[in-house]
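The values are calculated or read from the model by the stated rules, or taken from the named source; none is laboratory data. Fair warning: this is a prediction, and the values are worked out from it, not measured in the lab. Virtual Cβ from ideal backbone geometry, glycine too; neighbours counted across all protein chains shown.
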Ligand code: NCD
């Protein structure tokens with residue numbers, strides 16, 4: 001008689017139509033088919049079961065920025081949105097620009113995060129690229145090729161040098177490609193004009209030109225159809241839910257809750273972005289929380305960035321229920337593709353896969369910011385249809401269920417340059 005599995009998800013409908021019981025042992029899937037005894041069994045007949053998301057672009061803040069977010073609140077937000085792995089961006093205060101800063105960030109996340117995590121290295125003119133790689137950085141960036149909140153832009157020469165060094169490590173460079181014009185940043189329309197779609201496209205081309213080394217490039221948060229197509233020719237492409245679901249026309253002109261870099265575009269550009277769906281490799285949230293008070297400053301002073309880790313998969317699943325996109329695409333772009341690009345073991349339904357899942361009902365509800373977990377306390381997606389998970393499994397343990405969290409065993413995913421001492 002075999003010893004019981006820790007968890008069995010019974011009657012899981014897999015993409016393609018097969019229904020299987022998924023057995024989990026020691027944090028990974030041990031069998032997909034019929035099932036035996038288990039410590040815990042969940043019947044998933046009425047549920048959509050997805051490999052949990054890897055959100056490869058989140059700003060978890062912390063430290064002096066804890067009023068916006070920290071690992072505790074940000075990781076709750078991730079889990080409650082069906083993401084069990086987040087990749088933290090290095091534009092923290094202080095930035096993650098030295099091995100010591102990276103070690104400290106890992107320690108902070110280990111102490112407070114409820115979800116698994118990875119930490120990227122910042123890319124500045126003097127980043128010790130090799131040192132960051134051996135300290136455990138998962139990837140490099142977002143590399144600011146235009147200034148944004150808490151990030152200064154690199155020059156073309158600096159980017160060229162950095163890409164050469166990152167390539168020598170065999171690492172991935174993730175790039176924030178934008179062009180910023182001078183002018184008065186007084187409302188969402190001028191913000192869109194100053195950080196224009198045409199400028200983003202030119203920036204993609206400029207980054208490509210700087211990559212004579214042939215480094216693996218990942219273009220963060222591409223905001224238009226043309227940028228997606230151009231970026232896809234030069235690397236992997238990430239798009240955010242806010243550029244897919246929001247346009248500046250949906251906000252009052254000076255409402256900084258919709259201020260983000262790259263900016264929300266027009267309704268027409270938003271619709272056109274969906275036409276590039278097949279060329280998008282990864283959906284990531286660019287979860288960039290700021291406090292409501294900061295967002296209420298005069299528009300030009302309000303920080304750019306909007307929260308989204310908790311609403312990312314839920315908004316996509318509502319689009320699946322509306323038959324706008326396929327469930328297979330959501331799994332591919334939110335979980336499989338980011339894991340492959342970053343070298344994180346995949347979550348899935350085959351033996352050996354990481355047993356991270358999110359279990360969703362088959363109906364949508366309007367986003368209600370009061371029910372979300374980010375400390376920032378607002379959501380620009382308020383009112384949009386979304387499907388939130390009922391339960392989330394991390395490493396084979398149920399860590400979120402009906403609004404309650406429990407501390408499981410989150411993992412740190414270090415990059416391939418790391419060797420544990
Ligand atoms: C981000 C932030 O607030 O950290 N802001 C944003 O508008 N996206 C920085 C960034 O990703 O550009």
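Can you name the number of the only condition in (1) in contact (Cβ under 8 Å) with a residue 60 or more places away in the chain; (2) more than 16 Å from the ligand (Cβ to nearest atom); (3) over 29 Å from residue 320 (Cα atoms) that residue 236 fails? With respect to (1) in contact (Cβ under 8 Å) with a residue 60 or more places away in the chain; (2) more than 16 Å from the ligand (Cβ to nearest atom); (3) over 29 Å from residue 320 (Cα atoms), residue 236 is out only on (3).
Pairs linking a residue in the range 89-100 that is under 10 Å from residue 131 (Cβ atoms) to a residue that is within 11 Å of the ligand (Cβ to nearest atom) and at pLDDT below 95, with Cβ atoms under 6 Å and 6 or more positions apart or on different chains, do not occur. One residue alone among 54, 85 is surrounded by 19 or more Cβ atoms within 10 Å (Cβ to Cβ), touching a helix residue (DSSP H, G or I) at 6+ places or on another chain (Cβ under 6 Å) and part of a strand (DSSP E or B), and that residue is 54. Could you say which residue among 162, 153 is without any contact (Cβ under 8 Å) to a residue 40 or more places away in the chain, within 13 Å of the ligand (Cβ to nearest atom) and under 22 Å from residue 262 (Cβ atoms)? Every option except 153 fails the conditions.
Residue count for the range 282-315 satisfying the condition of being within 22 Å of the chain's Cα centre (by Cα), part of a loop (DSSP other than H, G, I, E, B), away from the ligand (no atom under 11 Å from the Cβ) and over 17 Å from residue 65 (Cβ atoms): 2. Considering the range 196-228, and only residues there that are in contact with a strand residue (DSSP E or B) (Cβ under 9 Å, 6 or more places away or on another chain) and more than 21 Å from residue 124 (Cα to Cα), the residue that is nearest to the ligand (Cβ to nearest atom) turns out to be 223. Only one entry of 421, 375 meets the criterion of being modelled with pLDDT under 95 and either more than 17 Å from the chain's Cα centre (by Cα) or on the phi > 0 side of the Ramachandran plot (or both), and that entry is 421. In the range 391-421, what residues are surrounded by fewer than 18 Cβ atoms within 10 Å (Cβ to Cβ) and in a loop (DSSP other than H, G, I, E, B)? Answer for the range 391-421, where residues must be surrounded by fewer than 18 Cβ atoms within 10 Å (Cβ to Cβ) and in a loop (DSSP other than H, G, I, E, B): 402, 403, 406, 407, 409, 416, 418, 419, 420, 421.
Of the residues making up the range 358-385, those that are in contact with a strand residue (DSSP E or B) (Cβ under 7 Å, 6 or more places away or on another chain) and closer than 19 Å to residue 75 by Cα are 358, 359, 360, 367. For the range 126-148, taking the residues that are assigned to a loop (DSSP other than H, G, I, E, B) and away from the ligand (no atom under 16 Å from the Cβ), the one that is farthest from residue 107 (Cα to Cα) is identified as 126.
Taking residue 118 as the residue in question, decide whether it is under 19 Å from the mean Cα position of the chain (by Cα), part of a helix (DSSP H, G or I) and buried (at least 22 other Cβ atoms within 10 Å of the Cβ). So residue 118 fails the test.
Yes or no: residue 73 part of a strand (DSSP E or B) and farther than 22 Å from residue 122 by Cα? No.
Of all residues in the range 149-206, those satisfying the criterion of being touching a helix residue (DSSP H, G or I) at 6+ places or on another chain (Cβ under 7 Å), under 23 Å from residue 226 (Cα atoms) and part of a loop (DSSP other than H, G, I, E, B) are 177, 178, 179, 180, 181.
Condition first: more than 14 Å from the ligand (Cβ to nearest atom), in contact (Cβ under 8 Å) with a residue 24 or more places away in the chain and not in a helix (DSSP H, G or I). Can you find one or more residues in the range 101-111 that meet it? Looking for residues that are more than 14 Å from the ligand (Cβ to nearest atom), in contact (Cβ under 8 Å) with a residue 24 or more places away in the chain and not in a helix (DSSP H, G or I), one finds none in the range 101-111, hence no.
From 333, 268, which residue is outside any loop (DSSP other than H, G, I, E, B), out of contact with any strand residue (DSSP E or B) (no Cβ under 7 Å at 6 or more places or on another chain) and either more than 16 Å from the ligand (Cβ to nearest atom) or free of Cβ contacts under 8 Å to residues at least 60 places away in the same chain (or both)? Only one candidate passes the filter, namely 268. The residues of the range 379-407 that are touching a helix residue (DSSP H, G or I) at 6+ places or on another chain (Cβ under 9 Å) and farther than 22 Å from residue 319 by Cα, listed by number, are 394, 399, 400, 403, 405.
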